[in-house]
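One structure is given here, and the rest of the page talks about it.
Every number in this text was worked out from the coordinates using simple rules, so none of it is lab data. Just so it is clear, the model here is predicted, and its values are computed rather than measured. We place every Cβ from the backbone using ideal geometry, glycine too, and count neighbours over all the protein chains shown.
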Amino acid sequence: MKNSIALVLLMFLSLHISCAQQDENEANTPKKVTYTPQLVVEGISIPWGMAFLPDGSMLITEKSGEIIHFKDGQKSVVENGPTVYNRGQGGLLDIAIDPDYQNNGWIYISYASEEGEEKGGNTAIMRAKLNGNSLTEKEVLYKAGPNTTRGQHFGSRIAFDKDGYLYFSIGDRGDRDVNPQDITRDGGKVYRIHRDGSIPSDNPFVDKEGAKTAVFSYGHRNPQGMVQHPETGAIWTNEHGPMGGDEINIVGKGNNYGWPVITYGVNYSGTPITDETQRKGMEDPLYYWVPSIAPSGMAFVSSDKYPEWKGSLLVGSLKFQYLERLELKDNKVVYREKIMPDMGRVRDVRQAPDGYIYVAVEGKGIYKLVPKE
């Protein structure tokens, strides 16, 4: 009798433990969100950036040089846009509106510009106002130099922090052995300026002789994603590595992110760039991809439209043609998920003021992710 009771108790305990383990496993498995990608803006070749105006309309940059205003279901081309240097990865790039847009009307644009004495182009930042269907009051706030005919690594992304400073990225312009580690040269940097183009007095290199005083951090390769964290206010970037070694970084004042001295990537030929992935005085990435996914635009999810995704980071993949969701815990990636697999080269992703996520896909246009009830 005692043996029978013991056996029943043992079976009950085993079942209880099994159920508890199952509950724990289910708790650690992220819930799937069912959604429908709806194509809302068609027929755009390379939609590099998006910005949403207070009236609900959308500004979209087409890399070849057009700014498209999408309003009430109709597309129109904004007149008097910047003259762009359309070569390789260069062209008309990112677009953003001022944090106080309703009062001042400023729009910010990054683009490859031929301005300067040398042949070729380099990244520039302009601000302007939209008057009717034309840009007015155009001001160039920053123009990197020197120009070069190389077609790679213009960077391009624009973001604002919680204090209203404007950040933008410029890639190493294909000159990795010179630009990224030299603060007297443009390229391979993240920059911080006031919204009128002036230099903040507390920028890290304002007192360094010969330094580019707009530089905020250096040692970057080609940051093509940039976003403010909705809670901490910190600026996050992603950047292209070579073959392997794409990175996510939290940008810190005066920090050196190591390119090309440290990297998890190798040359496209397969030969090593360096034997170091860490070095004192250089920042480790928050996360890195091997193999490379070729990351593009990025956005944090804070909307009630996607409650299961709240706090996640979305990153577009150009190489593998999907949108990636990264679940974070204490600034560490704990889960990855493919969203919109095989949709196409995802160039940008934004969470709009209406709470919905919009995704720019090359050769197709702008999709809206609509969760199903």
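Structure notes:
- The stretch 234-245, residues that are under 16 Å from Ile170 (Cα atoms) and either in a strand (DSSP E or B) or over 18 Å from the mean Cα position of the chain (by Cα) (or both): Ile235, Trp236, Thr237, Asn238, Glu239
- Enumerated strands (runs of 3 or more DSSP E) restricted to the stretch 280-342, each holding at least 2 residues that are of a type in the set (D, E, K, R) and in contact (Cβ under 8 Å) with a residue 24 or more places away in the chain: 322-329, 332-339
- Filter pass, Asn267 being touching a Pro at 6+ places or on another chain (Cβ under 9 Å) and loosely packed, with under 14 Cβ neighbours inside 10 Å: yes
- Looking only at residues of the stretch 108-126 that are touching a strand residue (DSSP E or B) at 6+ places or on another chain (Cβ under 6 Å) and in a loop (DSSP other than H, G, I, E, B), we find that the one that is surrounded by the fewest Cβ atoms within 10 Å (Cβ to Cβ) is Glu115.
- Looking only at the stretch 343-369, residues that are more than 21 Å from Ala159 (Cα to Cα), touching a residue at least 60 places away in the same chain (Cβ under 8 Å) and not in a strand (DSSP E or B) come to 4 in all.
- Here the condition is being within 20 Å of Asn249 (Cβ to Cβ) and among the aromatic types (Phe, Trp, Tyr); of Tyr268, Tyr288, it holds for Tyr288 alone.
- Residue check for Val251: under 25 Å from Lys372 (Cβ atoms), touching a residue at least 60 places away in the same chain (Cβ under 8 Å), buried (at least 19 other Cβ atoms within 10 Å of the Cβ) and among the β-branched types (Val, Ile, Thr): no
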